[in-house]
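Any read-out appearing in this document is the output of simple, stated calculations on the displayed coordinates, not a laboratory observation. Here the structure is a predicted model, which is why all the values come from computation and not from measurement. Reconstructed Cβ throughout: ideal geometry from the backbone, glycine too, with neighbour counts over all protein chains shown.
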């Protein structure tokens, strides 16, 4: 039997990793890895200057965030700066898609592509606060 690597986490670069981690924590209901939580008000955010990890309370791959000095956000669907990587997420129904659309926008996502009226596969593509694309679709 062949042994394969196991997917541990997806790592996203960001120029403000605390803000990016907070966006995904709220969007997906994730939890900080112990020690990566935001500091108390007025305290320095040492962990938020380098690397943060969010864990799924139900198991599965984690999301990690790596601080970088600069980042060129994707311009997709314009191909000047392609997607390079994106996250696919699913919901059960069109009403769920609409509800998550409002949540994503309220959290700071920007709508990049809307195919929510497609009868076979309603979907929307967004950019997170750092410009990384992600999809929410009905499956």
### Message
Taking the condition of being in contact with a helix residue (DSSP H, G or I) (Cβ under 6 Å, 6 or more places away or on another chain) and surrounded by 18 or more Cβ atoms within 10 Å (Cβ to Cβ), how many residues in the stretch 18-48 meet it?
### Response
5
### Task
State all residues of the stretch 6-59 that are free of Cβ contacts under 8 Å to residues at least 24 places away in the same chain and either part of a strand (DSSP E or B) or closer than 22 Å to residue 84 by Cα (or both); if no residue qualifies, say none.
6, 32
### Task
Quickly run through the stretch 54-63 and pick out the residues that are more than 17 Å from residue 132 (Cα to Cα) and buried (at least 17 other Cβ atoms within 10 Å of the Cβ).
55
### Query
Across the stretch 124-139, what is the number of residues that are in a strand (DSSP E or B) and buried (at least 19 other Cβ atoms within 10 Å of the Cβ)?
7
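Residue by residue, here is whether (1) part of a strand (DSSP E or B); (2) within 16 Å of the chain's Cα centre (by Cα); (3) closer than 29 Å to residue 18 by Cβ holds:
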{"site": "72", "(1), (2), (3)": "no, no, yes"}
{"site": "82", "(1), (2), (3)": "no, no, yes"}
{"site": "90", "(1), (2), (3)": "yes, yes, yes"}
{"site": "102", "(1), (2), (3)": "no, yes, yes"}
{"site": "117", "(1), (2), (3)": "no, no, no"}
#### Entry: Hits in the stretch 68-89 (condition: more than 14 Å from residue 126 (Cβ to Cβ) and in contact with a strand residue (DSSP E or B) (Cβ under 7 Å, 6 or more places away or on another chain))
68, 71
### Query
For residue 88, which of the numbered conditions (1) under 20 Å from residue 28 (Cβ atoms); (2) surrounded by 13 or more Cβ atoms within 10 Å (Cβ to Cβ) fails to hold?
(2)
